[in-house]
Every structure is written in structure tokens, then in C-alpha cells.
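Taken together, the values in this text are just the output of simple stated rules run on the coordinates, not laboratory data. Since the model is a prediction, treat every value here as computed from it, not as a measurement. Glycine also receives a Cβ, built like all others from the backbone with ideal geometry; neighbour counts cover every protein chain displayed.
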Ligand SMILES: [Mg+2]
């Protein structure tokens, strides 16, 4: 599987499009898991807007590559951000190669973080294991993570964590439903995406990001990406976050929602004119997420 035709120094990309994977691009229960229209649009935007695109996910690299194969992508993304922080790009043999400088800085920062705050993390672990049914997970390169038994249990755990890390500037966490991993505040979906854009010379005004869960809020940030959106199946907190920042709340779910948002942003269909403006507060419509 190849990428779309590469950009050149003479004709660099103008737009950067960043997509969360699970629940935003891919629905494994749907057939096909990603709308074919999505891939057609990415190809059209490659030409009309000089847009590059990538997946920005909490999955590991191996798990992301598996997801791409399972969903039968017709071509590879231009970049991946995995584990919400590490950057990879395909080489000419379609092998994923890490961004050495960024990924090394990220690894060093996390090693220091987990050493420096091991007592705090041990205290949180003790509380989680004694007060909840959640499991504390340790994996290679991932010394601290939690898997809750339910989403509401994770809500409860997050409340406890928030009060205990509030005064520690550098430690934060990435939550995706019942999963949580501790991480360094300087490395998340937003800063990794910003680094990819910086290397390409793309400013925030030409960045589009879309995601559905808590771990997407760092990239759904108008300071980093001026065009932000979420699909109709996004969790209520993300819908509220996107609306509060004047972003686009799609009515369609998963990849159909991504297609809807891109249609609106780039005026790709007759019916889409001004929908982006209307749905982002540029018009007269005010929308609130269901259930909030
Ligand atoms: Mg997601």
C-alpha cells in the first residue's frame, strides 16, 4: 500500500488534516468500516487544496497499522501520531519511520516524568486498586495506565486524579472512554500535530482536526487548529468542548461525520455552502449537544 503522490519542496502542502481513528474515522462494526467517500474526498483535497492528512490516535503503532489493514485503506496516510504523542511517516517502502528528534525528546521527558513522580503514581495506584474495580496496567514504555470497568467508574477515578495532580504542572493524562494513560503535559495529540505542521510550514489557520473522545481535546484547540470538528457520535464533553470553541458539530456519525465536516469546510457540495459558518456560530444557529 502506498501513500498519495508526495509533495515537493516547490509545491509543499497547504492544509494539514488530522483524524482520530476509532469512533471518528473507523467503525469496525460498519461495513465498510470507513466510508469510501472519505477516501475520495482526501484524494480530491490533495489536488484542490494541497492537503496532506494523517491519523492522530491513542493506539500503538502496531495496533494502528493493524487498524489500517483491517479497514482496507486504499492508500496510506502521510503521517501518524500514535499513543497520542509519537510521530511516524511512511518511507518509500511504505514502512513507518519514527520522527527521531521528536520521539526521542518525548521518550526522555516521559522517563524523567515517571521517575520524578513515582511516589505520586504509587499513591494513585493504591487508591485505584483499593477503591475501584479498575486495573492498573504496566506495559513496555507505558509505566502507568488504568483500565476501568465502566465509563462512570473512570469518571470517578478521574475526579480523584484531578485533585491529586492539580499542583503538578508536568503530569497529565489521556483518557479514551474506560482507558487512561498518564503522560507529560508537553506531549499530546495537539503538540504532536503542531510539530508535524511546523515541519511542513503550515500554520494553525490551515489545520483541520476532528475527534470524538476526551483524548482528542488537546488537538481540538483553536490555538493549534483553527478548523475543529467532532462527529455526531462524539461524547458529550467533546461536543461541548467543540461548540464552546466555535467548532463544527457534525450530525453524521464516524467517517460520515468527517465527510460532512470536510464538505462544509471546503464547500465541496452545493448544499454545503455556509454550513460550516452556520454550524460553528458564524451564522445564526446555536446548537447544544444532546444530553448536556
Ligand atoms: Mg476516538
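Listed values, structure above:
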| quantity | calculated |
| --- | --- |
| Distance in nm between pseudo-label sites at residue 147 and residue 244 (7 Å out along the Cβ direction from Cα) | 3.1 |
| Most to least packed among 99-106, 114-121 [average Cβ atoms within 10 Å] | 99-106, 114-121 |
| Extension reserve of the residue 164-residue 267 stretch, reckoned as 0.36 nm per residue once the Cα distance is removed | 32.5 nm |
| Average Cα contact separation per residue, the chain, under 8 Å, 6 or more apart, as relative contact order % | 17 |
| Pairwise label distance in nanometres, residue 93 with residue 205, each label 7 Å out on the Cα-Cβ vector | 4.2 |
| Gain in span if fully extended, residue 66 to residue 40, counting 0.36 nm per residue against the direct Cα distance | 7.2 nm |
| Efficiency of FRET between residue 1 and residue 129 - r from beta-carbon atoms, R0 45 angstrom, step 0.05 | 0.60 |
| Segment residue 222-residue 252, extension gain: residue separation times 0.36 nm, minus the distance between their alpha carbons | 8.6 nm |
